[in-house]
Amino acid sequence: MLSRITRTGLRIPTAVFTKRLFHRSILSSSEKITDTTVEDAKGGRANEIIEAVLYGSKKIKEEERQTHSKVLARGKYVHELQVHKVKPDKVDEYISLLSKHLPKIANDPSNDVNLCGSWSIEIGELDTFVHIWEYKGYPGHQQTYEKLAADPDYKEFMNKLRPLLPGRLLEWEMNWRKGLECRKQFCEPVGAWFTQLGELNTVYHMWTYPDLQTRKTTREDAWNTEGWPETVYKTVRLVDNMNSFILKPLSFSPLR
């Protein structure tokens with residue numbers, strides 16, 4: 001028995017990133033040595049110069065290592081990078097909506113968050129907007145999200161925002177659920193899942209077939225059934241990318 005898993009990525013991506021700082025320092029080479037250690041110092045200094053040329057200065061590397069460690073260990077802020085791909089005919093409505101609500105979120109002193117900046121992409125993927133938020137560490141991130149989740153104004157804002165973005169999980173599920181009844185006439189689905197961690201707005205659904213030829217005829221029969229072509233039409237336009245792969249069960253697999 002073969003199984004097929006389809007991975008569907010829906011839009012509205014968010015990403016978390018960490019700012020990385022680089023530091024370069026220049027050390028003075030002026031040193032004083034006494035007459036009694038001239039010979040040893042000369043030899044040691046020559047070795048230091050050769051080693052620095054071949055492998056880099058130990059002092060500089062140590063200082064850079066300590067500085068870089070301090071930067072990585074700051075742990076003071078967490079940054080969130082939001083990227084919104086907006087429907088072309090909804091750009092003005094999107095800008096008007098966010099101009100009202102984003103400053104309101106950032107200026108609320110009870111939220112541990114700061115809006116670093118908001119931009120529209122002028123060269124590259126058009127009708128796309130980028131927002132960077134700065135939270136006071138992970139506790140600030142959690143506290144802010146929990147507060148917003150219970151805020152009626154924020155819920156209303158999100159309800160108005162979602163229709164402006166191409167790719168909506170709930171709309172995809174509603175259309176796919178209708179088509180599922182058509183497809184079940186020919187094969188039984190193993191399961192369907194959506195992600196809550198990792199790459200969000202991603203859906204997996206799994207079907208089982210005795211062999212690849214049966215899979216081919218099943219798909220052809222589904223296309224000739226009323227309801228399935230309409231389901232595909234309504235869900236594909238919500239999809240950002242899709243992958244499909246075939247699984248063969250191992251001998252000890254309970255699910256086959």
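In the structure shown, the pairs LYS100/LYS160; LYS76/LYS100; LYS100/LYS234; LYS87/LYS178 are assessed against 22 Å; a Cα-Cα span above that value is assigned to LYS76/LYS100; LYS100/LYS234; LYS87/LYS178. List, in the order given, every pair from LYS90/LYS147; LYS85/LYS184; LYS90/LYS184; LYS90/LYS155 whose Cα-Cα distance in the structure shown is over 31 Å. Exceeds cut-off: LYS85/LYS184; LYS90/LYS184.
The amide H of CYS116, built 1.01 Å from its N in the peptide plane, has ILE132, TRP133, GLU134 as neighbours under 5 Å, considering only residues 5 or more places off or on other chains.
None of the figures in this text is laboratory data; all of them are computed from the coordinates on show. Every value quoted in this text rests on a predicted model; they were computed, and no experiment measured them.
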